[in-house]
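Notes follow the structure.
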Amino acid sequence: MTCRHPLLLASAFLFAWAVRSDVDWKLLSLGGKGLFSSSPLSVYAKTSGLQAGPPSLVVVRGLNLLPGTAGLWVSQALMAFMGWFMIYLVERWTVAGATWRRAPLGPGLLTLAVGVPVLEQWGWLAGDTPHPEDALAVLTLLLALRALTCRRELRGALLIGLAIAWKPWAIAALPSVLGTSRKLRALVIAVAVPAACWLPFLLGDPSTLSAVGHGFTVQPSSLLRVMGFSGNVIPDWWRTLELACVLAGAALAARRDWRVGFAAGCAVRLMLDPAGYEYYYAGLIMVTALTERLVGARPWRTALVWLGAGFAPFLATQSFGGLVQFGVLAIVLVGWVLPWRRPAGIGFEGAAVLREQVPAQRDPEHRELTGIRGGFSR
């Protein structure tokens, strides 16, 4: 059990290396180069299909300053490490409560059993289609949840805004401000950060807004085909509708528990996106696994997402596989939205972060029952 973290780290690098490619990296590199060109405010208008936020382009540009393809390699390695690091952080922060202790494998090996398939999917985001902005959005949101749990509300609101600035679909993180005591102030701060990043481009080139949502086709892997959508080009307003539905789904789930809104919003995003790439599922399964551990829920949603993403495409027909994936996401979404009970003593909440207690031991000399916070006797 003590070897689970090195094993997970090795798995993260193995899966990322196994599917290593430069798909989409060239587009991000083009955007990063355009951001530092003579007309930086027109970078989105001139680069069709570019969805990464301005801070993400700065990171990509910095990585591309390395010689040759070293920037791509470093990006893949960093994203593989981030996948492991998030699992490691969540296990350190949370309590292996009643649900995890009753597991046949025990809490440590259960983390390993859940972490390996999660990192297997994460490899698609880190290696095949390297999107550092997606990885940074998930990591930033996780740090925001930690900050809000520890009552660092200003820091949490800033991190929520930064997560949205990395990638627009991270607007699903916005309902997490319900975990603050001064919700309106936190909401203003969380909105101000991405607004400050995007407004210069929207004002500098009015065609930026239409360019961001223009030219997308309904891919064969998109779940929109299950709902009867088809065609080579979707309306320009579809992106706006998609983000609005993501925000609505996240807000609906956050009413039950403010920590699960992001996971619910990610499920909605995958149901309504005109594409259904593997790295979309990579982000979803990571967010689902982290959220289930944070709130102490049984990891059945993670298992469903993994089965739907990994095995549904190999079913008899593509339409049937898409129907199964759509049903899986609908079940996961309903599982977050509907009321559910969490066993006592699981997860972390409030101002204090609970940790797994060391079993009490009896002192043979003094015959006192000693605990983790000094001695106390009966």
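Points to keep in mind about this one:
- Yes/no for TRP198 being open to solvent by less than 50 Å² (accessible area, probe 1.4 Å), among the hydrophobic types (A, V, I, L, M, F, W, C), part of a helix (DSSP H, G or I) and out of contact with any helix residue (DSSP H, G or I) (no Cβ under 6 Å at 6 or more places or on another chain): yes
- Residue under evaluation LEU41, criteria (1) without any contact (Cβ under 8 Å) to a residue 60 or more places away in the chain; (2) over 24 Å from MET86 (Cα atoms); (3) open to solvent by 60 Å² or more (accessible area, probe 1.4 Å); (4) in a helix (DSSP H, G or I), criterion not met: (1)
- Contact annotation: residue pairs with Cβ atoms under 6 Å, 6 or more positions apart or on different chains, pairing a residue in segment 118-146 that is more than 27 Å from PHE311 (Cα to Cα) with a partner that is among the small types (Gly, Ala, Ser), are THR140/ALA163; LEU141/ALA163; LEU141/ALA173; ALA144/GLY156.
- When SER207, SER221 are checked against the criterion of being crowded, with 17+ Cβ neighbours inside 10 Å and touching a residue at least 60 places away in the same chain (Cβ under 8 Å), SER221 stands alone in meeting it.
To keep it simple, each residue is scored yes or no on (1) within 13 Å of the chain's Cα centre (by Cα); (2) within 26 Å of LEU28 (Cα to Cα); (3) surrounded by 24 or more Cβ atoms within 10 Å (Cβ to Cβ).
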position: LEU145; (1), (2), (3): yes, no, yes
position: LEU154; (1), (2), (3): no, no, no
position: LEU159; (1), (2), (3): no, yes, yes
position: ILE164; (1), (2), (3): yes, yes, yes
position: VAL177; (1), (2), (3): no, no, yes
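- Of the residues making up segment 329-357, those that are at pLDDT 85 or above, over 17 Å from ALA275 (Cα atoms), open to solvent by less than 50 Å² (accessible area, probe 1.4 Å) and in contact with a Leu (Cβ under 8 Å, 6 or more places away or on another chain) are VAL332, VAL337.
- With respect to the stated conditions, GLY62 is surrounded by fewer than 21 Cβ atoms within 10 Å (Cβ to Cβ) and of a type outside the set (Val, Ile, Thr).
- Qualifying positions in segment 164-178 - part of a helix (DSSP H, G or I) and either touching a His at 6+ places or on another chain (Cβ under 9 Å) or not aromatic (Phe, Trp, Tyr) (or both): ILE164, ALA165, PRO168, ALA170, ILE171, ALA172, ALA173, LEU174, PRO175, SER176, VAL177, LEU178
- Yes/no for ALA275 being buried (at least 23 other Cβ atoms within 10 Å of the Cβ) and part of a loop (DSSP other than H, G, I, E, B): no
- Annotation: LEU223 fulfils all but one of (1) at pLDDT 90 or above; (2) within 23 Å of the chain's Cα centre (by Cα); the unmet one is (1).
- Look at (1) modelled with pLDDT of 85 or more; (2) touching a helix residue (DSSP H, G or I) at 6+ places or on another chain (Cβ under 6 Å) and you find that MET1 fails only one, number (1).
- Selection of segment 179-188 for residues being surrounded by 19 or more Cβ atoms within 10 Å (Cβ to Cβ) and not polar (S, T, N, Q) yields GLY179, ALA186.
- Subset of segment 44-59 that is closer than 16 Å to PRO132 by Cβ and either at pLDDT below 85 or outside any helix (DSSP H, G or I) (or both) - its residue that is most open to solvent (accessible area, probe 1.4 Å): GLN51
The values are calculated or read from the model by the stated rules, or taken from the named source; none is laboratory data. Small disclaimer: the values here were computed from a predicted structure and weren't measured. Heads up, the Cβs are rebuilt from the backbone with ideal geometry, glycines too, and the neighbour counts pull from every protein chain shown. Just so you know, the surface numbers come from the protein's heavy atoms only, side chains and all, with ligands and any DNA or RNA stripped out. Shrake-Rupley method; radii C 1.70, N 1.55, O 1.52, S 1.80 Å.
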